[in-house]
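The values are calculated or read from the model by the stated rules, or taken from the named source; none is laboratory data. In this text, all values refer to a predicted model and were calculated from it rather than measured experimentally. A quick note on method: Cβ atoms are made from the backbone with ideal geometry, for glycine too, and the neighbour counts reach across all protein chains shown.
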Amino acid sequence: MADTRPASEAVIQAARALGRPVTADQAALLAAYLDQLIKWNKKMNLVGRSDWRAVFDTLVVDSLFLADFLAGLRLADKPLCLDFGAGAGLPGIPLRVLWRDGDYWLVEVREKRALFMKSALGRLKLPGTSVFHGRAEDALARLERSGHHATADLILSRAFMPWKKLLDFIRPMLRNEPDRVGMAVILSNDPPPDEADIPDGWQLGNVASYPAAGDERYFWSLKVV
């Protein structure tokens with residue numbers, strides 16, 4: 001029978017096996033998220049996998065390494081971050097267990113997934129982490145009305161749309177001030193593009209790769225110029 005109820009110690013061992021250790025407190029939060037995800041998944045097929053270890057090894061693994069990648073970027077102090085197409089909170093919710101800078105908004109148009117994320121965050125009580133249920137193009141306008149800045153410091157995407165199309169879509173949403181310039185971070189199964197393929201107005205920044213599910217995955221950042 002599949003192991004569907006994660007325990008903190010099992011999460012610690014799973015993270016160690018992937019090469020990115022976590023603390024006991026982090027493991028407890030990750031276990032709580034995975035427990036709720038598996039329960040909801042039985043009713044609404046959020047991730048298509050039935051046991052927590054498969055989810056951890058194939059999906060949460062992204063969050064483990066993304067936390068270190070973001071920590072290495074030159075982001076503004078207390079950045080406003082948007083996660084487009086957040087789905088069931090992957091990579092965003094496990095990421096916030098490990099990386100908690102600024103305000104982080106999980107943006108998701110599908111109601112059931114947004115409802116799940118709100119439920120999970122209500123249990124985990126991660127600071128500075130919220131869900132926006134609606135279209136990505138409406139997120140900043142809504143956040144501005146609640147007191148946030150009109151543009152974001154960081155926008156993340158994994159398969160929200162092809163990366164070149166994404167850059168056109170998000171450029172007006174990113175800050176572009178002399179002392180505060182926005183960034184995009186792409187999560188991909190493919191290597192980053194050559195600099196010659198980067199559209200005008202963007203500069204390729206940090207690049208990283210990591211092992212996941214027997215293959216190699218990539219992050220890369222792009223800065224508005």
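Side notes on the structure shown:
- Selection status of A184, in contact with a helix residue (DSSP H, G or I) (Cβ under 9 Å, 6 or more places away or on another chain) and in a strand (DSSP E or B): yes
- Residue match in region 67-81 (condition: among the acidic types (D, E), in a loop (DSSP other than H, G, I, E, B) and either under 28 Å from N176 (Cα atoms) or at pLDDT 95 or above (or both)): yes
- Residues of region 97-116 satisfying the condition of being more than 15 Å from D35 (Cβ to Cβ) and in a helix (DSSP H, G or I): L98, E111, K112, R113, A114, L115
- Where G92 falls short, out of the listed (1) within 19 Å of Y210 (Cβ to Cβ); (2) touching a residue at least 60 places away in the same chain (Cβ under 8 Å); (3) out of contact with any Asp or Glu (no Cβ under 6 Å at 6 or more places or on another chain): (3)
- Residues satisfying the stated conditions in region 14-37, i.e. surrounded by 21 or more Cβ atoms within 10 Å (Cβ to Cβ) and either modelled with pLDDT under 95 or of a type in the set (S, T, Y) (or both): Y33
- A120 vs. criteria at pLDDT 95 or above, closer than 26 Å to N176 by Cα and assigned to a helix (DSSP H, G or I): no
Listed here are the residues, each with its yes/no results for (1) under 23 Å from A67 (Cβ atoms); (2) in contact (Cβ under 8 Å) with a residue 60 or more places away in the chain; (3) loosely packed, with under 15 Cβ neighbours inside 10 Å.
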{"position": "T129", "(1), (2), (3)": "yes, no, no"}
{"position": "L154", "(1), (2), (3)": "yes, yes, no"}
{"position": "F169", "(1), (2), (3)": "no, no, no"}
{"position": "V181", "(1), (2), (3)": "yes, no, no"}
{"position": "I186", "(1), (2), (3)": "yes, no, no"}
{"position": "A212", "(1), (2), (3)": "yes, yes, no"}
